[in-house]
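The values are calculated or read from the model by the stated rules, or taken from the named source; none is laboratory data. Since the model is a prediction, treat every value here as computed from it, not as a measurement. Glycine also receives a Cβ, built like all others from the backbone with ideal geometry; neighbour counts cover every protein chain displayed. Keep in mind that these areas ignore ligands, DNA and RNA; they rest on the heavy atoms of the full protein, side chains included. Shrake-Rupley method; radii C 1.70, N 1.55, O 1.52, S 1.80 Å.
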Amino acid sequence: MTPVHAIEITDAEGTSRSCRKLGRATEYVHKIAFRVAINYIVGMLSIVTLISGRGSNFEAIVKTAQKERWPVKFAGVIANHSAARGLEFARSEGIPAFIVEHKEHATRESFDEALIEKIDALGADLVVLAGFMRILTPGFIRHFEGRLINIHPALLPSFPGLHTHERALEAGVQEHGATVHFVTEGVDEGPIICQASVPVREGDDADTLAARVLVAEHQIYPRAVKWFLDGRLRIEGNQVKLQPPEPQFFKL
Ligand code: GRF
């Protein structure tokens with residue numbers, strides 16, 4: 001399943017052909033009914049989110065979806081341990097919450113296989129990594145290729161990996177930020193969907209900078225998810241083209 005299906009199915013040839021056999025009025029009704037049915041069935045893509053901690057990005061996505069009435073199903077949230085605070089928010093919203101405990105698996109491969117099984121059983125069209133602190137195996141990444149996205153708290157390709165805010169301060173950069181990207185096998189290297197920059201201010205420490213970046217994260221992650229759901233993202237080489245084009249970089 002890819003995000004372009006909604007567009008392709010809406011233009012289905014078979015429907016136009018069958019409509020020509022009917023009168024114009026019938027054709028009109030038929031087309032409207034077809035669109036409503038397609039939007040209902042195909043528009044309802046399913047998201048599964050993986051978290052390890054507080055889950056504020058997940059919360060931002062759910063709240064934006066509710067506010068903007070996205071036709072989307074939050075099929076489930078999976079955490080790799082029971083203390084992940086984001087599980088509480090999921091439960092409070094009636095979103096199925098699961099724990100796939102990484103400590104119960106002897107190898108990364110076995111943990112990832114259990115995750116794949118759970119995510120597939122939930123019928124995910126899109127897998128959203130939102131502060132999921134486990135390194136994923138190539139097998140997992142290949143399985144969800146093109147429908148696995150992540151948010152990283154830095155302006156990639158600068159500062160991949162951990163402790164990004166400390167490293168940005170140490171490097172003396174004047175701008176820092178966040179990146180939403182498709183996940184590929186290289187760590188924090190996948191095609192960039194969008195980014196937001198924030199200024200580094202005099203007197204910042206890692207916490208104040210992290211808080212400023214987090215505000216940016218909560219703005220761009222929901223945007224990126226919506227673009228995906230609307231079938232607007234095309235991966236070309238290592239770049240993501242947004243159709244129709246609009247800015248993919250924000251200065252906050
Ligand atoms: C965020 O800073 C995100 O960029 C990083 O992990 C953190 C998760 O925060 N990948 P939250 O759990 O979404 O609040």
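Values computed for the structure shown
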quantity	calculated
Residue match in the range 223-236 (condition: touching a residue at least 60 places away in the same chain (Cβ under 8 Å) and among the β-branched types (Val, Ile, Thr))	yes
Residues of the range 185-205 that turn out to be open to solvent by less than 10 Å² (accessible area, probe 1.4 Å) and outside any loop (DSSP other than H, G, I, E, B), as a count	5
Wholly within the range 46-161, strands (runs of 3 or more DSSP E) carrying at least 2 residues that are away from the ligand (no atom under 13 Å from the Cβ) and under 21 Å from LEU233 (Cα atoms)	72-79, 126-129
